[in-house]
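Since the structure comes first, as structure tokens, the remarks are kept for the end.
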Amino acid sequence: MELFKGAYEGAVTATSYAEILLAKAIKEHGADCPVKYPNTAYRLPVITSLSGEEVNTIGDLAPILNRIRTTNIREELNLENAKLNGEATLYAAEVIEALRYLNGAQPDQYPYTGFIADPVIRKFGVPLVDGTIPGVAVIVGKGKDSKSTAKLVKGLQAKGIMLFLVNEVIEQCIEENVKIGADFITFPLGNFTQVIHAVNFAFRAGLAFGGIPAGARERAIEYQAKRVLAFVIQLGPNDVVKYAAEFGAMFMGFPTVTDQPVAEEIPDWYQSEPDYEKIGKLGLEMRGIKIKIVDIPVPITIGPAFEGETIRKKDAYVEFGGGRSTSFELVRMCEADEVEDGKIQVIGPEIDEMPEGSVFPLGIMVDVYGRKMQEDFEGVLERRVHYFINYGEGLWHVAQRNMMWIRIGKNAHAAGFKIKDLGEILIAKYKSDYPAIIDRVQVTIITDQSVVEEKIKLAIEKYAARDARLKGLTDESVDTYYSCTLCQSFAPNHVCVVSPERVGLCGAVSWLDAKASNEITPTGPNQPIDKGECTDTVKGSWKNLNEFIYANSNRTVENVNFYTMMEDPMTSCGCFEAIMAILPMCNGIMITTREHSGDTPSGMTFSALAGTCGGGVQTPGFMGIGRRYLTSSKFIPADGGMARIVWMPKELKEYLGQDLIDAAEREGLGADFVNKIADETVGITEEEILPFLEEKQHPALKMDPMM
Ligand code: SF4
Ligand code: NI
Ligand code: NI
């Protein structure tokens, strides 16, 4: 069979090529030359995952490559062997790529991404598990023409598919102004061997979220097949190495669809579809990816791919709020007769009456009625405005409430986008995402100054009432906490428990979010748990919570203490926003974030620290957290609370801003406490920051020893 033969010959070619490059590199740099990818805790992830060897130097690679050649490359042509040939090809590609990164080289220049660092993977954990990103496609080769190729890519972006692009398809997208890059969940990896960065991305999901140990080959493969919903689209002429790589994908459970004729298809695994209108859909079907289609009658593309898009001032046709004009957004629960379902009203000028480059006031009022709606859900629903509007290509939304700031880009305007269309997007998304709590929804958009000023009073009253209610929501004031097991699709043993004063470690699920989501899907990932008897008031341990966690962690976690990180702390899946670690010499703790790539006083970067905890295991002294947890009055109280914080990156201080200062005052540490916390400008080792802490008389230094 042509395909199997290709896989065999391709594997021979790829491994030989890897051998030649390796020999050359050893000659040039010496066998002791260190080899590693930047910003990962998993060395060379393909090798770490499949065979677990600790690769430190390029000399370590020679026996590995040798072994995989002897064990895997098999001439007898059948599917099993073709997959083994594919596996060998993955090793070869990993070796070839890793050699490009010697001596700290940064081989890939913009727009190419090359290797994708761990923090990027962690960032996409939640959208991948909650279905915002329903699947992953790797598009390799060169499409028949740029226009139809761009259309194929945009079609997949609109469906929320995470994309990896390899070869000329990247240039074709650029030519057609398709938005690509990490911000668009579309990674232009580079040229052919760079396809391995999609593979080592996938394997790291198993290592980081799945808790799969290094070298557990069978489990790693099973994880990929079961949990990573990826497929390959091969465009343009194939060659033997590409065949071999495609069987490498098949070895991981990922099918390939190609626009080329295939003499003998392998149903569900290797199929041909020359029609570009159908090829994406076939790939999704072959991998069993289900897409919820929401038809929104607006002239721009709507999808999570455009959430990260920024619109600069010079590219904005018109903007609203952000301190330049009065603005607010408000979701209100209403009575049935107050809401006319689907109604959109614009009060004030439409976009045609707004000159290019102008600033207008804006009020967005979303009125919802639902039999199961609760006033508590208003805030949860209101925060969605940000995401829904950002999903629009050419739309940009930041902040919230009466701080919100919107830009409509010139190209959105050129495409015919109207102010009214904001209402179309909101109505369609609310109705599709929240059918259980929203029966009717209407949107009023106000661009008239005097009406905005009148209605904003109402909004401000509502915000104040909501904040007062939130303040009263403490861990003690409720009997019920909520579980979150959303991440179990990636981290099967991990259970988050979300309380009013502890947001989920991803930062995306608060107690109210979990409550609303339970109302929407009673059998879903957020279950109410009656706390039951408290078995340890200091460390924060409850009988019922522990029973729930034990039963839902595949019986791996017996006890979780809510209020300490030093003994039976909450587990982490892997998508934490921040991670905290004990600093013994400073008698305190440090926190670093996904955004901060630099070294920290723990001696490890975020990626390295993250690699030590995750996958649903408890690691005393280390814990993944949501950033907001730092300002909670239940921040590790058993360990001494906020006073233990001795270091965090500047970025995090700025992000938390006034909230951190307020929390310090509330804890009796004084507003000045924040200035006693060291950051990277003070130092990145314990030795460097200790004198600073002493000089500032940091309270942690006088506290009981942590260990
Ligand atoms: Fe995942 Fe926990 Fe966030 Fe739920 S709360 S999405 S389980 S990290
Ligand atoms: Ni956008
Ligand atoms: Ni997670």
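Read-outs: derived from the displayed coordinates by stated rules, not from any lab. Treat the numbers as computed from the prediction; the structure is a model and nothing was measured. All Cβ positions, even for glycine, are placed from backbone atoms using ideal geometry, and neighbour counts span all protein chains on display.
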Q | Net length gained if the chain between Gln109 and Met707 were fully extended (0.36 nm per residue, minus Cα distance) | A | 210.7 nm
Q: Report, by chain and number, residues whose modeled amide H sits under 5 Å from the one on Asp536, excluding near sequence neighbours (fewer than 5 apart, same chain).
A: Ser541
(Q) If packing is taken as the average count of other Cβ atoms within 10 Å, what order do 204-216, 619-631 fall into, highest mean first? (A) 204-216, 619-631
(Q) Starting from 0.36 nm per residue, how many nanometres of slack lie between Glu54 and Asp183 once their C-alpha separation is accounted for? (A) 43.2 nm
Q.
Quick check on my link table: of Lys372/Lys420; Lys292/Lys457; Lys179/Lys418, which ones sit more than 26 Å apart, alpha carbon to alpha carbon?
A. Lys372/Lys420; Lys292/Lys457
Q | Antiparallel DSSP beta bridges within region 70-200, as percent of all bridges there, nearest 5 | A | 10
Q. Using only the Cα atoms, what convex hull volume per residue in Å³ does region 1-105 have?
A. 89
Q: About the Cα centre of region 40-105, how large is the charge dipole given +1 on each Lys and Arg Cβ and -1 on each Asp and Glu Cβ? Please answer in debye to the nearest 20.
A: 100
Q | Distance in nm between pseudo-label sites at Asp337 and Met585 (7 Å out along the Cβ direction from Cα) | A | 7.3
Q.
If the reach is capped at under 16 angstrom between alpha carbons, list the aspartates and glutamates near Lys144, excluding any in the same chain fewer than eight residues apart.
A. Glu168, Glu171, Glu175, Glu176, Asp259, Glu273, Asp275, Glu277
Q | Value of relative contact order over the chain, rounded to a whole percent, pairs C-alpha under 8 Å and six or more apart | A | 11
Q | Projected-area mean, the chain, by convex hull of Cα positions, square nanometres | A | 31.3
Q) How would you order 231-237, 321-327 from highest to lowest mean count of nearby Cβ atoms within 10 Å? A) 231-237, 321-327
Q | Packing rank of 240-253, 18-31, where each peptide gets the mean count of other beta carbons within 10 Å, highest leading | A | 240-253, 18-31
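Note down the net charge around Cys534, summing +1 for each Lys or Arg and -1 for each Asp or Glu among other residues with Cβ under 14 Å from its Cβ.
-3
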**Q.** Debye, to nearest 20: dipole size of the chain, +1 on Lys, Arg Cβ, -1 on Asp, Glu Cβ
**A.** 300
Q) Picking from Gly181, Ile133, Ala202, whose Cα lies most toward the positive end of the charge dipole for region 87-226 (charges on Cβ: Lys, Arg +1; Asp, Glu -1)? A) Ile133
Q: Would you please calculate the Kirkwood hydrodynamic radius of region 637-707 over all C-alpha pairs and express it in Å, rounded to one decimal?
A: 12.5
Q. How many nm separate the modelled label positions at Lys27 and Asn191, each set 7 Å beyond the Cα in the direction of the Cβ?
A. 2.0
Q) Direction-averaged shadow area of the convex hull around the Cα atoms of region 411-502, nm²? A) 10.4
Q: Using only the Cα atoms of region 93-237, construct the convex hull and provide its projected area averaged over every direction, in square nanometres to one decimal.
A: 8.9
**Q.** Vicinal HN-Hα couplings computed from phi for region 104-121 (Karplus, 6.51 cos²θ - 1.76 cosθ + 1.60; Hz; Gly/Pro x)
**A.** x, 5, 10, x, 10, 9, 3, x, 6, 9, x, 4, 9, 5, 3, x, 5, 4
Q) List the aspartates and glutamates whose alpha-carbon lies under 13 Å from that of Lys431, not counting same-chain residues fewer than 8 positions away? A) Asp295, Asp341, Asp367, Asp439
(Q) For region 154-206, I need the span (max minus min coordinate) of the C-alpha atoms along each principal axis, in Å, sorted largest to smallest. (A) 34, 24, 16
Q. What is the set of long-range amide H partners of Ser358 at a cut-off below 5 Å, with H atoms built 1.01 Å from backbone N?
A. Glu319
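Could you calculate the FRET efficiency of Ser450 with Glu176 from 1/(1 + (r/R0)^6), where r is the beta carbon distance between them and R0 is 45 Å, rounded to 0.05? Mind showing how you got there, number by number?
Numbers: r = 44 Å, r/R0 = 0.98.
Calculated transfer efficiency: 0.50.
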(Q) Using Cα-Cα distances under 8 Å and only pairs 6 or more residues apart, what relative contact order does region 61-172 have, in percent? (A) 19
**Q.** Helical mean residue ellipticity (222 nm; -39500 (n - 2.57) per DSSP H run of 4+; nearest 500) of the chain
**A.** -11500 deg cm²/dmol
Q) In terms of the ratio Rg/(2.2 N^0.38 Å) built on C-alpha atoms, what value belongs to region 298-410? A) 1.12
Q. What residues have an amide H closer than 5 Å to that of Ile529, excluding those fewer than 5 places away on the same chain, when H is modeled at 1.01 Å from N in the peptide plane?
A. Tyr481, Tyr482, Ser483
